[in-house]
Amino acid sequence: MSFTRPELPDDVATDRGGKIVLLVADGLGGLPHPETGLSEMETARTPNLDAMATEGVTGLHVPIAPGITPGSGPAHVALFGYDPLRYEIGRGVLEALGIGFELGEGDVAVRVNFATVDADGRITDRRAGRIPTEKCTELAGRLDQIRLPGVEVFVRPVKEHRAVIVLRGKALEGGLNDTDPQATGVPPLTFTDVTREQEKTADLLSAFQGAAREILKDEPAANTLTMRGISTRPDIPTFAERFKVRAAAIAGYPMYRGVAGLVGMDVLPPAETPEALGSALAGAYDDYDFFFLHFKKTDSTGEDGDFDGKVRATELFDTVVPLVRAVGPDVLLVTGDHSTPAALASHSWHPVPVALLAASARRDAVTSFGEAACLAGGLGAIRATDLMPIMLAHAGRLAKLGA
Ligand code: ZN
C-alpha cells in the first residue's frame, strides 16, 4: 500500500509495544469569551487535564488543513491517521456503520429522512416532526419489506426521523444527488446528471421511493422520505494492517462508532458518561492494544452557543482522565477532533489542543490545558494525521526507518 502523502512509512509499525488510549472530546477547542478573554477550556476547572499538561507534552493540531472547517467524520478520519481528503466517507455509509450494519464491498448506503408532504406533494416538514424513534423503527420495518429486482434491500431505523437504506447487488454506484431539497414548499428532488454507471442504482432507488410513498401515504407525519449521502464504502486499509494494533472504540454516538468500524476497530457497546467510558475501558483493557474513547458533550454545547454549558461539559470531560489513567495506559493522548467555539455556535477551523502522556514524552513548560497554553507546547503545531505516528512511537511500536 502506498500513499500519495505518506502519513506513516510502510513497514515501520510493529506488532509489539505498549498500550495506547486516544481520548477525544468532540469540538474541544473554543474561542475567548468577550468579557474574560478566556476560552471555554481556559475557564473550566480541569485539574486532571492540567496535570496531564504538566506531566506530559502538549501542542496544537490542525484537523484537516489551515482554514478548513471539518465535519466530525473527516476530522476523526484524520485523528485515526488517514488523510481525510484521500478517504472520503459518504453520509449514508457513516449512518449505516453507525448502527452497526455490516456494509459489504459494493453495497450502496443511503441516509433517509422521513418527511411530511402536503396533498400536492410539497414538503411541509423535512423531519416529519422528529417522529419518535419507536415510530421510526416501525416504519423502517414496513419499508424493509420492499422488494426490488436483482438486489437485496435493507431498511434500518437510526433515530427519530432518520433511517438507512442499503442496496446489495452487482454494479451499484454511489454519488447520486440528494433528493432532500433542503427547503419546504417544494417536492423531493429526482435524480439528475445520472452517469451510465449510476443508472441502475438511480432506477432502483426511484422505484424504492415510489413503493415507500405508497406504504407511507396514510401516515400523519412521515408520509414520504428523502435520500441523502448515497455512497459506497471507501477502500480503506484497516488499523490492524497499517498500525499493527488491535483497536477498540468506545463511543455513544452512531457516527463515531461508524468511522471507527470503517478503519477496522472493534466497536464496543455504547458508552457516553465518564463512568461508562471508564468501566468499558477497564473491562476490555486486556483484549486490545489501542482504544479510542469519544466524549460528545463538548461539541453539542458549543453548537448550541452555550459558553457556560461548554465550560461544564469540559469539566465533566476532565473527570474521564483519572478513570483512564487508572488502567495505566503506556500512552494517553487527549485532544478534540476540531474546535466548536460557543461564540460561533458551529464547528470551526481553529487548531485543537493536544496533551500526550507517556514515559518517553519530552516534557515542556506548559502546566495548563488550554488553547493559548498549548501553543507553547513541545509538540508544536502539527497535523491531526501526525498524531497516530506520534502515539505509536511513544508506545514503542515503530521500528527505525532504514539502517
Ligand atoms: Zn466533532
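What the table below lists for this structure:
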| read-out | value |
| --- | --- |
| Positions within the stretch 236-269 being acidic (Asp, Glu) and in contact (Cβ under 8 Å) with a residue 40 or more places away in the chain, in sequence order | GLU241 |
| The stretch 121-149: number of residues that are part of a loop (DSSP other than H, G, I, E, B) and either in contact with a helix residue (DSSP H, G or I) (Cβ under 7 Å, 6 or more places away or on another chain) or surrounded by fewer than 20 Cβ atoms within 10 Å (Cβ to Cβ) (or both) | 12 |
| Top-ranked residue of the stretch 150-185 - restricted to ones that are in a strand (DSSP E or B) and basic (Lys, Arg), ranked as nearest to GLY100 (Cα to Cα) | ARG156 |
| Helices (runs of 4 or more DSSP H) contained entirely in the stretch 1-120, each with at least 2 residues that are under 23 Å from the mean Cα position of the chain (by Cα), more than 16 Å from the ligand (Cβ to nearest atom) and of a type in the set (Asp, Glu) | none |
| LEU31 being more than 25 Å from PHE243 (Cα to Cα), in contact (Cβ under 8 Å) with a residue 12 or more places away in the chain, open to solvent by 20 Å² or more (accessible area, probe 1.4 Å) and of a type in the set (A, V, I, L, M) | yes |
| Among (1) of a type in the set (D, E, K, R); (2) assigned by TED's automatic domain parsing to the domain that holds HIS33; (3) away from the ligand (no atom under 16 Å from the Cβ) - the single one ASP299 does not satisfy | (3) |
| Every pair of residues 6+ apart whose Cβ atoms lie under 6 Å, when the first sits in the stretch 197-209 and is assigned to a helix (DSSP H, G or I) while the second is of a type in the set (Phe, Trp, Tyr) | ALA202/PHE191 |
| Filtered residues of the stretch 163-188 (kept if open to solvent by 50 Å² or more (accessible area, probe 1.4 Å), within 19 Å of GLY90 (Cα to Cα) and among the aliphatic types (A, V, I, L, M)) | ALA171 |
| Some residue of the stretch 216-232 being part of a loop (DSSP other than H, G, I, E, B) and of a type in the set (Gly, Ala, Ser) | yes |
| Residues located in the stretch 343-363, provided they are open to solvent by less than 10 Å² (accessible area, probe 1.4 Å) and within 16 Å of GLY305 (Cβ to Cβ) | SER348 |
| Selection status of ASP330, in contact (Cβ under 8 Å) with a residue 24 or more places away in the chain and crowded, with 20+ Cβ neighbours inside 10 Å | no |
| Some residue of the stretch 392-401 being of a type outside the set (Asp, Glu), open to solvent by 40 Å² or more (accessible area, probe 1.4 Å) and at positive phi | yes |
| Considering residues of the stretch 364-375 that are within 26 Å of ASP308 (Cα to Cα) and assigned to a loop (DSSP other than H, G, I, E, B) only, the residue farthest from the ligand (Cβ to nearest atom) | THR367 |
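The values are calculated or read from the model by the stated rules, or taken from the named source; none is laboratory data. Please read these numbers as outputs of a predicted model, since none were measured by experiment. Neighbour counts are summed over all protein chains in view; Cβ atoms, including those assigned to glycine, are modelled from backbone coordinates with ideal geometry. Ligands, DNA and RNA are stripped out before the accessible areas are found, and what is left, the full protein with its side chains, is counted by its heavy atoms. Shrake-Rupley method; radii C 1.70, N 1.55, O 1.52, S 1.80 Å.
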